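The values are calculated or read from the model by the stated rules, or taken from the named source; none is laboratory data. In this text, all values refer to a predicted model and were calculated from it rather than measured experimentally. Counting neighbours? That spans all protein chains shown, and the Cβs are built from the backbone with ideal geometry, glycine included. Accessible surface areas use protein heavy atoms only, side chains included; no ligands, DNA or RNA. Shrake-Rupley method; radii C 1.70, N 1.55, O 1.52, S 1.80 Å.
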Amino acid sequence: MGSMGEYSPSVIGAILALAGIYAGASWKLGKRPGSRQILALGLALIIMCFALTGPIDYYVRERSFALYIFQQMLLVFVIPPLILLSLPDWMARAVFTRPWIEPAWRIITRPVVAFLTFSSAFTLIHYPLLCDHICHVRPPYGDIRDLLLIVGIVLWWPLLSPLPEFPRMSYPTQIMYLFLLMIPMTAVAAPITMAETVLYMFYRVEPHPFGLTAHADQVLGGLIMWVGQGVYLMCIFTAIFFRWSRRDDREIPAINLRRAADLRIVQRRSA
Amino acid sequence: MAAQPKTLEYEYPNYLQDPRGIWSWLTTIDHKRIAILYGVSALFFMMVGGLEAMLIRAQLMVPNNHLIGAAIYNELFTMHGTTMIFLVVMPLELGFFANFMIPLHIGARDVAFPRLNALSYWVFIAGAIFLHLGLVRSLAGMPDAGWFGYANLTERMYSPGINIDTWVLGLLILGVSTLLSGLNFFVTIVNMRAPGMTFMRMPMFMWAMLVTTILILLAFPALTVGLVFLFADRFLDTHFYRVSAGATPILWQHLFWIFGHPEVYIMALPAFGIISEVITPFSRKPLFGYPMMAYSLVLIAFLSYGVWGHHMFATGMGPIADSTFAITTMLIAIPTGIKIFSWIATVWGGRLRFTTAMLFTLGFIVEFTAGGLSGVMHASPPVDLQQTDSYIVVAHFHYVLFGGMMMGILAGFYYWWPKITGRMLNETIGKWQFWITLWAFNGTFFPMHFLGVLGMPRRIYTYAPNMGWDFWNYFESINAFILGFAFLLFFINLVWSTLHGEHSSADPWDGRTLEWSIPSPPPAFNFVTIPMVTARDAFWVRKYGSVGAHGVAPAISGGAAAAPVGAPAEVHEHIHMPAPSIYPLIFGLGLFMAALGCMIWIRLILIGGALILMSILGMVFEYPTFGQFNPEALAESTLGLDNRKLGMWAFLGSECVFFASLISTYMVYKDRNLGGFDAMILNIPLTSFSTFILLTSSLLMVLALAAVQRDDRKWGAIWLFGTAFFGMIFLGGQAYEFTDFVLQGLKIQTNLFGQTFYTLVGFHGIHVLIGVCWLLVLAFTTAAGKIGKDRSLAVEIGGLYWHFVDIVWVVIFTLIYLMRTVKHA
Ligand code: HEM
Ligand SMILES: [Cu+2]
């Protein structure tokens, strides 16, 4: 395959197209996204370039399992949240409230469904049998990366939905969601890390980049998935937690009359 | 005491007075009485475990001692460890303190499922007695493979006696009890908080318990799976941990420690919570860094799932895994450090009162920190390889467990005893107890660090003289006896003070949380009117106006502030408390007999099973409100969600871990199969058909629920029967499949494939079977016209379970059946 410096034109093209669609949509709808949103999009696109072309892509093709996993982590844990953050509500509304999209999108982004969708997709693509067909650089490999991006967006939507019509989960539920995400992630990562043999055919071929043996490479990949994503999620939920505690501290309404349960009690008392 | 707010003269008897008699205790479902039952049992086992420790130390006092001999020594340390963890610390923290305090802290009348609470207790007792069953046969019949019972020492060929049988079954039973308590408390804390009690206003003890219950729900299933495998190996002659069949005993270590490390935090977090409660009134300051404290609890829980490998450095996991576990372990020091600094900052600059409770709290902080530091030491693999299985590890975990958990528990006793019994514990005896404990604890365990470095291994029953170990062992044993004396003082204090102690007011410590706003001891229903919470430290704010107020004794400031929350004059709601029930006790008995049946007389299993079934049905139909919407409770629930539904969700979350452990085992063992039958035997066309049937049944379930919610009882019953019927077809397919395999020669004992396949698919089948029975009960009740719109909840919950079982099947079908061509060279 290509050399380290090679940037595959189709990927770059696709990324540029994304930027084009964003700009086009904003022009067509006649509104400007906020500067933070543009920043988020820029970051997302840059990280996408970084993940899908250049050295990472090169080493993935050169059979570095660890970098393959790293690439995946970027695709499901970093880029989708940034994309969601970059979407202004009017732009998202134009897409997701279409009559034939909205009902389906509502079902798929219900937390339980989104969680299951992501976990099953993620588990399946690491199943050796399946992975042996798609980890190769043969065609489906590219589609798998798209799939990862999409299930990533589904996964993050309940946390970062840009639309008030699709309310985000409450803070404690968000934390619980991320906490539970550890179960499928560990269930995939732990066996890979602990396996005594190299599980995937493609990566069994030596030599491996960076002077690692195939097995050490696999362990490293498992650890990136396990510990790397763990620490990453930890940072995210730290942010959520302190947002939550600050909001509760600030708003301290004596009794939350907007909450139905409190209201009913107050009414019963005064009746 | 400082503040003496006016106590209300309650016209209600307290929870101990009414009703009276043994029967009322056997059938009680009041969380406070159940807490007392737990407390008394756990204190009894504390004596047992303590005596075992004394015997261990007596044996080790001098070299070449033959006081009790090797075999009994093994039993002693095994039972000491198992007892202290499962029968003392956990029941005291969860069963006693949490059980008593959760409803009082969040302003509720009881826990979410009072009868389930009683059931947890009786199951706990069944398990505790079961663990000691070996005593009946002979003194040499007790478990003897260490508290973590490593495979393959626990296999039948290496431990032929009943020792391990009682251990496996006892722990399985105790696991059920803990899981149910965890579920119960989780739902209670999430959904039964008084109005205004947001998460961020909960007492820190509630945060600790919330996180603990989540840990329980997600950790115990791993232990259950490990124990089930061990059970199968011992009773059904499978080979889950037998090297000769290609299996690996390390699997046990993984399963055990995936449970085991969170277990450490299941014991630690409640103690953290207790400490955080005790430390504030005696510093007269609010807890420092409340959000940080809560956050670090969550973070510890999060991290505790990624560190189990630090117990397995010696198994040779390889440098990369070792380094990871080292790093994650060291990371846990960060949130733990946050907690320690926050406690210190709470004490800092406070107006301190050195009551016994406060002394134990301060003792906790010091000793727990010491234990934590040696823990960070073990986190480094090269260091740990020197230290593991030596006495330095014994020193480490006693600093954590005794210096930490036990001191926290003792602080809790001195702090809450007045609330629980209405009498103060004697402070003079208490202070003697504290100082003697502090001295003797360090005298017993600190030298173990030296002994460890000098090379003394743990779990040896005696040693040769002149290895440099003689003096310290002698010294430690003397101190251990002094420590035992300190506990004697404690027990004397408990008994004496409960009978003759000074009467306690409602608020003897000038407390900050809601339990001090009601009389000591509280009435059966706790709160006459459910309090409204306007801030953190709800009761303090009531008394003094704001969280940060320093609090002038209300007698001086006019006393007005002391009005307890919810004075009875306000409202006289009709307080409806659920009726007592004997079925929890019968359930415990049934479980005990069923387990006993595995060991001595197989028919006993049937009798036990019948008792269990009877008590379940009894409990379901005992109240006429079965399956009914309870608008009252729903209106008062925090989430506006029915407790029963939330409970089902929590249970299913825990089931996920159960099945994930089974599936992972299948995956790991698939490649280790030594030949013979493998996944190619699976009959895909047949199973595709049953999968289709099962999925269709889910659809029927949806129709059934819709019909019942429309109050259409006829179609509700029809669809329910249909669902059950399809479930039965599925079961029939499975029965055919299994028979076919057995006839072809694949038994559960045949090879690794056979055992993992049968356990995984079999357990799923049992779930389907339970589901079918459940559906049939629902269908018949609906057909009898009993279940309509008002009781549709019963169908909804059954449906949740049924859909879950279907989803699990889809996973199993995909991973095990469809993707079966495996076996890399
Ligand atoms: C009077 C207080 C205590 C004394 C004198 C004491 C003494 C000992 C000794 C000497 C051992 C090591 C036995 C050996 O390795 O040969 C041991 C083991 C152990 N102790 Fe304690 N102990 C005490 C309290 C506690 C408490 C409060 C806990 C837990 C909450 C506890 C938990 C354990 C555990 C888990 C083991 C390991 C058992 C095993 O090796 O399987 N101990 N104890
Ligand atoms: Cu650990």
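Listed values, structure above:
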{"item": "Average Cα contact separation per residue, the stretch A:1-86, under 8 Å, 6 or more apart, as relative contact order %", "result": "42 percent"}
{"item": "Charge sum, other residues only, whose C-beta stays under 10 Å from B:His239's C-beta, Lys/Arg counted +1 and Asp/Glu -1", "result": "-2"}
{"item": "Burial ranking of peptide ranges B:25-33, B:631-639 (average Cβ count within 10 Å, highest at the top)", "result": "B:25-33, B:631-639"}
{"item": "Dipole of the stretch B:266-424 [Lys/Arg +1, Asp/Glu -1 at C-beta], most positive-end residue of B:Met330, B:Phe272, B:Tyr305", "result": "B:Phe272"}
{"item": "In nm, spacing of pseudo-spin labels at B:Asp470 and B:Ala783 (7 Å Cα→C-beta vector)", "result": "8.2 nm"}
{"item": "Residues whose placed amide H lies under 5 Å from that of B:Arg423, excluding near-sequence neighbours", "result": "B:Ser504"}
{"item": "DSSP-loop chymotrypsin sites (Phe, Trp or Tyr not before Pro) across the stretch A:76-129, with at most 16 other Cβ within 10 angstrom", "result": "A:Trp100"}
{"item": "Relative contact order of chain B, pairs being alpha-carbon contacts under 8 Å that are 6 or more residues apart, as %", "result": "17 percent"}
{"item": "Theoretical FRET efficiency, 1/(1+(r/R0)^6), r = Cβ-Cβ of B:His803 and B:Thr428, R0 60 Å, to 0.05", "result": "0.50"}
{"item": "Anisotropy class of the stretch B:29-500 from Cα gyration tensor, a/c 1.5 cut", "result": "rounded"}
{"item": "Highest to lowest packing among B:781-789, B:422-430, scored as the average C-beta count within 10 Å", "result": "B:422-430, B:781-789"}
{"item": "Spin-label pair B:Gln709/B:Thr696, simplified geometry with 7 Å Cα→Cβ offset, distance in nm", "result": "2.4 nm"}
{"item": "Electrostatic dipole magnitude of the stretch B:29-500 [Cβ: Lys, Arg +1; Asp, Glu -1; Cα centre; debye, to 20]", "result": "1360 debye"}
{"item": "Linear extension gain, B:Arg351 paired with B:Leu26, 0.36 nm per residue minus alpha-carbon span", "result": "112.5 nm"}
{"item": "For residues of A:213-226, the mean tally of beta carbons on other chains within 10 Å", "result": "2"}
{"item": "Shielding of B:530-538 by partner chains, average beta-carbon count, 10 Å", "result": "2"}
{"item": "Pairwise FRET efficiency - B:Gln749 versus B:Val453, Cβ, R0 = 51 Å, nearest 0.05", "result": "0.65"}
{"item": "The stretch B:374-455, relative contact order [Cα under 8 Å, separation at least 6], %", "result": "49 percent"}
{"item": "Cβ-derived FRET efficiency at R0 30 Å, B:Ile729 paired with B:Val620, nearest 0.05", "result": "0.70"}
{"item": "Accessible carbon and sulfur surface of the stretch B:29-500 relative to its total accessible area, %, 1.4 Å", "result": "76 percent"}
{"item": "Cα centre as origin, Lys/Arg/Asp/Glu Cβ charges: chain B dipole, Debye", "result": "480 debye"}
{"item": "Whether chain B is rounded, prolate or oblate, judged on the alpha carbon gyration tensor where a/c under 1.5 counts as rounded", "result": "oblate"}
